[in-house]
């Protein structure tokens, strides 16, 4: 931690003082302080610290906008957002703004050290509670999204896989114990359901859906 140079940005002097004391106990160098987002950008641009600990809610220029400007103008400076908001949406906004870390203000000193070390190494760090929210939101999204394969019958999925594996019309018909004409009907229905109108397109779809092991 001794080689890590940090700028603190928070509109509350007592909060900055608390973080400064903790960071110095951890061995980090606090090279500057800012009371709002605009000042944070100015100081960080001048001092080129390794990390800016940026409060998300500050007057004049908030932490997210300050992060966007800082990352754009000083790409070597990495930002950890400090926030009271235990919200996946706030964390996503922070990451979109260019922050590499999102840390809740009630986090422990040990977690602060982990976040700083991770971000200083170019990695992303999210408070565990935030990570859980993001994973939960993602899981819900996955469950509610419709899978194109669900629109197909079991037989249509089987035919799709056999087509994608490169079997001929005759081979597929024999394997499924149907006539070639019936196979043609199934294939036409399959293409209509998926709005795909050539075999190459069916192969690509099957690969993306995980029905076959195929490098696209």
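The values are calculated or read from the model by the stated rules, or taken from the named source; none is laboratory data. Because the structure is predicted, anything quoted here is derived from the model rather than measured. Cβ sites come from the backbone with ideal geometry, for glycine too, and all protein chains shown count toward neighbours.
Quick look at the numbers
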| quantity | calculated |
| --- | --- |
| Residues (within 15 Å of residue 28 (Cβ to Cβ) and assigned to a helix (DSSP H, G or I)) located in the range 118-129 | 118, 119, 120 |
| Strands (runs of 3 or more DSSP E) contained in the range 12-86 and holding at least 1 residues within 28 Å of the chain's Cα centre (by Cα) and surrounded by 15 or more Cβ atoms within 10 Å (Cβ to Cβ) | 51-55, 78-83 |
| Test result for residue 61, at pLDDT 85 or above, more than 30 Å from residue 202 (Cα to Cα) and assigned by TED's automatic domain parsing to the domain that holds residue 21 | yes |
| Residue in the range 148-155 that is at pLDDT below 90, surrounded by 15 or more Cβ atoms within 10 Å (Cβ to Cβ) and in contact with a helix residue (DSSP H, G or I) (Cβ under 9 Å, 6 or more places away or on another chain) present | yes |
| Lone unmet requirement of (1) in a loop (DSSP other than H, G, I, E, B); (2) modelled with pLDDT under 95; (3) within 19 Å of residue 3 (Cα to Cα) for residue 110 | (1) |
| Lone qualifier among 91, 115, 99 - being part of a loop (DSSP other than H, G, I, E, B) and touching a strand residue (DSSP E or B) at 6+ places or on another chain (Cβ under 6 Å) | 99 |
| Number of positions in the range 159-172 that are in a helix (DSSP H, G or I) and over 34 Å from the mean Cα position of the chain (by Cα) | 7 |
| Top-ranked residue of the range 87-101 - restricted to ones that are in contact with a helix residue (DSSP H, G or I) (Cβ under 9 Å, 6 or more places away or on another chain) and surrounded by fewer than 21 Cβ atoms within 10 Å (Cβ to Cβ), ranked as modelled with the highest pLDDT | 98 |
